[in-house]
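What follows is a short report on a single structure.
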């Protein structure tokens, strides 16, 4: 297909497609003449993945480039690929840690040891958790750490579901793509589900009328 057809199929403008090609996110089409190139379904699939990682996953162009490079690295294990995808989603903090963050790191380290997790506080996710716990303490909600194990238990179930989904794909190309999609877009899905559950739980705990019920 020509680039115009690729644009119509995906809803991505021609200039944007050309930008992705220049940035190395999308392979160039096969030249059919000095000024024309042909694209196929693999380009369409990659383009849709790029847009999903950008629009829903919130990754930067540089982050997407790193994730796509990991997908194409056939020497990289699935475990390391999962780590690459996850690390690009977790926000990085460059500020010098204060006493609150140092104390929160200890809480995170104890949680990891208690759960028997294969991880460490230096992991970007561990550091992000420490930053969040320190912020909670700063605003007077340090007791939130008391529900940390409940959160961890729920996270274990979600992680198991993620990897069960990934394991269904036996072909390398499908497998690595599902790892990225499950990690990056799965975060967006879980966040939305958590908020929906909050609405339901709030209604049950505080006695709010169910949708459609006659109010007072």
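Could you grab me the full set of residues in segment 28-51 that are surrounded by 14 or more Cβ atoms within 10 Å (Cβ to Cβ) and either free of Cβ contacts under 8 Å to residues at least 24 places away in the same chain or assigned by TED's automatic domain parsing to the domain that holds residue 69 (or both)? Within segment 28-51, 46 is the sole residue that qualifies. Scanning segment 139-150 for any residue that is surrounded by 11 or more Cβ atoms within 10 Å (Cβ to Cβ), closer than 30 Å to residue 104 by Cβ and at pLDDT below 75 turns up nothing. Among the residues of segment 1-23, just one is under 25 Å from residue 66 (Cβ atoms), exposed (fewer than 13 other Cβ atoms within 10 Å of the Cβ) and in contact with a helix residue (DSSP H, G or I) (Cβ under 7 Å, 6 or more places away or on another chain), namely 13.
Any residue at all in segment 180-190 that's at pLDDT 80 or above and either over 15 Å from the mean Cα position of the chain (by Cα) or not assigned by TED's automatic domain parsing to the domain that holds residue 79 (or both)? No, every residue in segment 180-190 fails to be at pLDDT 80 or above and either over 15 Å from the mean Cα position of the chain (by Cα) or not assigned by TED's automatic domain parsing to the domain that holds residue 79 (or both). Residues that are surrounded by fewer than 17 Cβ atoms within 10 Å (Cβ to Cβ) and touching a residue at least 40 places away in the same chain (Cβ under 8 Å) were ranked within segment 66-82; the one that is farthest from residue 4 (Cα to Cα) is 78. From the list 102, 108, the lone residue that is within 20 Å of residue 131 (Cα to Cα), surrounded by 12 or more Cβ atoms within 10 Å (Cβ to Cβ), modelled with pLDDT of 85 or more and not assigned by TED's automatic domain parsing to the domain that holds residue 2 is 108.
Residue-by-condition table, conditions (1) closer than 22 Å to residue 184 by Cα; (2) part of a helix (DSSP H, G or I):
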| site | (1), (2) |
| --- | --- |
| 5 | no, yes |
| 8 | no, yes |
| 19 | no, yes |
| 31 | no, no |
| 44 | yes, yes |
| 49 | yes, yes |
| 54 | yes, yes |
| 66 | yes, yes |
| 71 | yes, yes |
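The values are calculated or read from the model by the stated rules, or taken from the named source; none is laboratory data. Please read all numbers here as calculations on a predicted model, not as lab measurements. Methodologically, a virtual Cβ is constructed for each residue, glycine included, from the backbone with ideal geometry; neighbour enumeration extends over all protein chains shown.
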